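Q: This is the structure I have questions about; it appears just below.
Read-outs: derived from the displayed coordinates by stated rules, not from any lab. Please read these numbers as outputs of a predicted model, since none were measured by experiment. When we count neighbours, we look across all protein chains shown, and the Cβ atoms used for this are built from the backbone with ideal geometry, even at glycine.
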Amino acid sequence: MKIEPARARQYQFIAVLVTALIVSAAYVGLVNFAVVHQPNQLVVGWSDSQFSGRWSESGSAGTPGYISISNGTLSVGAVGTARPGVIITAVGLDLPSLNVGRYPYLAISVKSPSEYLAIRIVLSYAPGQALMVVLSTFNDQNWHTIYANLVFLGFSGQVPVNFLEIGWMAVQQPVGPNPVVQFQNLSLVAFSGS
Amino acid sequence: MPTPADIDQSVATVPPEPIWLRVLAPALRSQARRVWFWLAVGLAIRVALLPLFASVDLLSNAFVTTVLVNQHQLIVTNDPPPIFYIEGALDWLFRPFISSQIGTYFSLGPSFTPSSAPESLAAQTPGINLFVSILKLPFLAADVVIAFVLPRFFGNPRTAYIALLLWWFNPISIYVSYMVGQFDVVATAFLVLAFYYLRSNRDLWCLAAFGLAMFFELYAVVLIPFLLIYWLRTTPFSRKTLQRWGGTFLTTGLAALGLLLILHFQALAYTPANLALSSVGVNGNFGSIVYSRGLTSQPFLAIAFTFLGYSAQLPIDTGLSDVILIVVVAYGVLLILFSRTPGVTWNDMAGVTLASFLVFYALSGFLVQWVLWSMPFLVLLLAKNLRALMLPYVILIIGYFMYTWYFRTVLFGALLQVSYPGASGADPIALMDSAGLPGLMVVNAGRSLFSAACLWFAYLAVRDSIGKVHRAASSA
């Protein structure tokens, strides 16, 4: 079968375009496979899934608070309505020092009943020295895992723990009655490859 | 003398132009071979960059896109949402090829401090090179549209050819779209189309393209006053003028309405904001408040305030906390100039558009991707007299890239993080400092030269309009 020259050139043009497309896709695919990435794996350096240290409740005056630990869940709650600014927290003592140099992320799972309860975590690394490492709200009532990069926040090497506060602060609007925030799986982790 | 039948016969026997000629601007068709050669070279450069580079911003947009596809929820950011639907469609289409590990970090389950941590982790995940390539495909499409439309502004083959090359090998547009991975080229392509239709008096197409430009990025709104003046000054006031004005308001309203409808009907997703961070690190929601770079914001207004907030300011010594925003002054001067220009032409409109962008860059801080908006219009100016304008163009390009160094690792070493994690620490100012050079002063000097080049081109862009005003004033 003989193809007329004009049509043949049209086919040639389409063939060149298709070839360019295939070569481009092959190149991207090749780079995608050739560039070496370390698959990120979560590596746990230390964990206290049972909140086994000494934990006590601390909170704002005028708003009774409580903590309870059951089946690996730390519950931090208030009795009555929590007005903006109210802080209820569990204070953990006797915790081991944190090898932040190797495991930079302080991780904890949280479940908050309101977007107006901000999760609040404070790390005291020496008497009179403390840094708030998380103050964050969540807009749903699902479990979330917080990964706070302690290196990003200025820590390095082995960090002694004078005490650790895990709790919440009411923000913007009153929350109640009897709000409770749950925490699980306190740990220090790294992402291998990162 | 041929009869009508003979003419019909002869027309019927003329073979239609092949497609590879028809897609080119008429002025380029006589040089199709070399045009296609350079198009292929430019395409190869772009394809080569696709998988190798990505900024944190592109990876943030990947986060928004992935959540949109997986959870059908939109994370509200400073970027108008339409681009995420295009990116989402591509994500969905290519999902079988995209590594599921990447999605581990681009989901709302975990909350990271800093909030950019998931992007950093995803950047080091196998499969990320393909994913960022897919996300850049709309930029490539828009880029190609500009390359094919820009030469159509010229009837002279040589000028059209130069315009094509100036766009297709423009280092700023290549850097912004394929290395930083910003989507500004999409709205810019619609703006170029709008000007193309404006020039050929196809009002409906012009307004549609203008509306789409505004839909994808709000910056095109600043050109609306110029467009209204253009409609008013190019034809005697008539019903058609009113129709054009009405069409302009309608298009602007539809673009705004489209964005509002998305926000109203689209289920939104919220990212937790960590207020324990330093100011600029706070992004997301704290309670019901949206934070953007440490500031509470309305997502779209935040762009406008960023735009103005970067402007150089003159304090007024009145006891009031009063300032003059230099950018607003410059914009006002251009608006007055354009409204006073007798015999306004399409060239004046293109000139005042280019000048508006350039004075903003010259007199303000700006995000590096914003310079792309002006590049097609600068090409229109340069192509006509490249030889005389080459030096300030080179200064502008060099000064621009020195300005990017203000953003330190973010727009330097970190762009390579998807290909080479070890490169992310490179900071050009620190490198200069360590070499004994005053890094910041060098960058400031480069930025100043960039501003000078911008102001020079802004003057050239409106020189004809100024001349007309001057002549009119002299003859009055």
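Q: Under a plain spin-label model, where a point goes 7 Å from the Cα along Cα-to-Cβ, how far apart in nm are residue B:38 and residue B:397?
A: Roughly 1.2 nm, to one decimal.
Q: Go ahead and run the numbers for FRET between residue B:268 and residue B:437, Cβ-Cβ distance against an R0 of 30 Å, rounding to 0.05.
A: On the way: r = 47 Å, r/R0 = 1.58.
Given R0 = 30 Å and the Cβ-Cβ separation, E is 0.05.
Q: Let me ask another. Report the extension gain between residue B:293 and residue B:423 in nm, rounded to one decimal, defined as 0.36 nm multiplied by the number of residues separating them, less their alpha carbon distance.
A: This chain segment gains 44.3 nm when fully extended.
Q: Could I ask something else about it? Net charge within 15 Å of residue B:26 by Cβ-Cβ distance, Lys/Arg positive one each and Asp/Glu negative one each, not counting residue B:26 itself?
A: +4
Q: Taking a spot 7 Å from the Cα of residue B:473 along the direction of its beta carbon, which residues of the range B:329-358 have an amide N less than 14 Å from it?
A: B:333-334, B:336-342
Q: A further question on this structure: Report the extension gain between residue A:34 and residue A:15 in nm, rounded to one decimal, defined as 0.36 nm multiplied by the number of residues separating them, less their alpha carbon distance.
A: Full extension from residue A:34 to residue A:15 adds 4.1 nm.
Q: Measure off 7 Å from each Cα along the Cα-to-Cβ vector at residue B:345 and residue B:390, then give the distance between these two points in nanometres to one decimal.
A: Distance between label points: 2.7 nm.
Q: Here's a follow-up. Check residue A:146: other-chain or 5+ apart residues with amide H under 5 Å from its amide H, H built from backbone geometry?
A: Amide H to amide H, under 5 Å and 5 or more residues apart or across chains, residue A:146 pairs with A:108, A:109, A:110, B:111.
Q: So, one more: In whole Hz, with x marking every Gly and Pro, tabulate ³J(HN,Hα) for the range A:69-80 from phi via Karplus 6.51 cos²θ - 1.76 cosθ + 1.60, θ = phi - 60°.
A: 10, 8, 6, x, 10, 9, 9, 10, x, 10, 9, x
Q: Just flag the trypsin sites (Lys or Arg not before Pro) in the range A:87-194 sitting in loop per DSSP whose Cβ has no more than 13 other Cβ atoms within 10 Å.
A: Those satisfying the criteria are A:102.
Q: On a full-extension model of 0.36 nm per residue, what is the gain between residue B:261 and residue B:158, subtracting their alpha-carbon distance, rounded to one decimal in nm?
A: So the chain would gain 32.5 nm between residue B:261 and residue B:158.
Q: Can you work out ³J(HN,Hα) from phi for every residue in the range B:77-86, in order, using Karplus 6.51 cos²θ - 1.76 cosθ + 1.60 and θ = phi - 60°, giving whole Hz and x for Gly and Pro?
A: 10, 6, 8, x, x, x, 4, 6, 6, 5
Q: Please identify which residues in the range A:139-180 have an amide N closer than 16 Å to a label point set 7 Å out from the Cα of residue A:47, following the Cα→Cβ vector.
A: Flagged as within label range: A:144-148.
Q: Where the centre of each part is set by its Cα atoms, how far does the range B:197-255 sit from the range A:68-121, in angstrom?
A: 55
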